[in-house]
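K.L.:
Encoded as structure tokens, here's the structure I'll be asking about.
What follows draws every value from the coordinates through simple rules; no lab data is involved. The structure presented is a predicted model; accordingly, all values stated were derived computationally and were not measured. Note that we place each Cβ from the backbone using ideal geometry, even for glycine, and neighbour counts take in every protein chain shown.
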Amino acid sequence: IRRPRVGGCRKKLFSQHEKQNPSSPRRRGPSKCAVWIANKVGNDGTDKPAMHFRDSLLRGNDEKKFNCILPQKRTMSFPEILYEDNHIIAINKPAGYLSQSDGSSAPDVLNSLKAFIKQRDSKPGNVYLGLVHRLDRPVSGVLVIARTSKSASRLSAAFRERTVIKMYRAVVQGDVTRIHHETAGRLVHRLLRDERTRISQITDQEGKPASLSWRVLRTALHRSWIEVALETGLPHQIRAQLAAVGHPIVGDRKYGAKQTILNEKGVIALYCHEMQVPHPISGNTFSVRAPSPAFWKDL
């Protein structure tokens, strides 16, 4: 919808009759101006000039009409809580959801969890949650979140200093044992992130060092079930490194997988199975485990 002339909108919105009778039945629907403003503000309502423009134009029932046509941010059903105390909460992140909002209307774990805690605990103000690491959108499993700023700072330092043990499980294409004649190993590469395509690429000299260890759990039907100990934590690291040695994760079309997961869209056969994290207050290491995804038994 093209932006209408403001003058014409003001005449339409604020005729003498409507000024004197805000609840007049003549207001049958949102004006073109209201529609344009709703589109301009966007999904998250963060466009301050447009919000001011809206507030200066809309009055009475038009405000309700505006709220009806403004795109609403979708929420997700609350995931399973794996561990919780006053300082940390760990959840089983479902595949297909963002860890943190990217500004779109797509549901994300962080905001959904804030809304859940606010309602559950009847909190009058805002709920603080600090995201100290992320899982890719098509990946499920253990996601650790700080509940205080002090915990967020200490947990971030633990991830940065690599004192957190991160264990993943994946199903990859090909029989790893038959092809490489070994049941365990270590991969070391350099990864360069292409921000335009959002793909991590293996390079010779550029990029950041990336390393992981792996072991085979079982093999069947030209697939291998493996466990991965992630040593560094770069974007798409496991996906890129396994694809680089000829074993892309099942369902990961972005990194060359040809095999898909039946009846699952936007999901890959990778999940964070376990995390061993030093507690930000006591300092004691505790372990959190997530169950395998529902589709795992069908792979």
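K.L.:
Output the pairs from Lys118/Lys254; Lys254/Lys297; Lys258/Lys297; Lys114/Lys208; Lys150/Lys297; Lys208/Lys254 with a Cα-Cα distance over 28 Å in this structure; if there are none, say none.
P.N.:
Result: Lys118/Lys254; Lys114/Lys208; Lys150/Lys297 exceed 28 Å.
K.L.:
Which of the trypsin sites (Lys or Arg not before Pro) found in region 194-258 are in a DSSP loop and have at most 14 neighbouring Cβ atoms, other than their own, within 10 Å?
P.N.:
Filter output for region 194-258: Arg196, Arg198, Lys258.
K.L.:
Given a Förster radius of 51 Å and the C-beta distance between Glu206 and Ile281 as r, what FRET efficiency does 1/(1 + (r/R0)^6) yield to the nearest 0.05?
P.N.:
0.80
K.L.:
OK, next. For the pair Thr177 and Ser153, how long in nm is the line joining their label points, each one 7 Å along Cα→Cβ?
P.N.:
About 5.0 nm, to one decimal.
K.L.:
Right, next: Restricting to DSSP loop positions (anything but H, G, I, E, B) with no more than 12 other Cβ atoms inside 10 Å of their own Cβ, which GluC sites (Glu not before Pro) remain in region 72-170?
P.N.:
Passing both the DSSP loop test and the Cβ count: Glu161.
K.L.:
At what distance in angstrom do the alpha carbon centres of region 214-283 and region 136-162 lie from each other?
P.N.:
19
K.L.:
Another question, if that's okay. DSSP loop chymotrypsin sites (Phe, Trp or Tyr not before Pro) in region 96-171 with at most 15 other Cβ atoms within 10 Å of their Cβ, which ones?
P.N.:
Loop-located and lightly packed - Tyr128.
K.L.:
Another question about this same structure. For labels at Lys114 and Tyr83 in the simple 7 Å Cα→Cβ model, what's the distance in nm?
P.N.:
Those two pseudo-labels are separated by 2.4 nm.
K.L.:
Can you find, among Val142, Asn86, Val172, the residue sitting farthest towards the positive end of the charge dipole of region 84-216, where Lys and Arg contribute +1 and Asp and Glu -1 at Cβ?
P.N.:
Asn86
K.L.:
Report ³J(HN,Hα) in whole Hz for each residue of region 216-222, in order, from the Karplus equation J = 6.51 cos²θ - 1.76 cosθ + 1.60 where θ = phi - 60°; Gly and Pro get x.
P.N.:
7, 8, 6, 9, 5, 6, 6
K.L.:
What is the set of long-range amide H partners of Thr285 at a cut-off below 5 Å, with H atoms built 1.01 Å from backbone N?
P.N.:
Sorted by chain and number, the residues that satisfy this are His279.
K.L.:
What does the charge count around Leu143 come to, taking other residues whose C-beta lies under 10 Å from its C-beta (Lys +1, Arg +1, Asp -1, Glu -1)?
P.N.:
Once all neighbours under 10 Å are counted, the net charge is +2.
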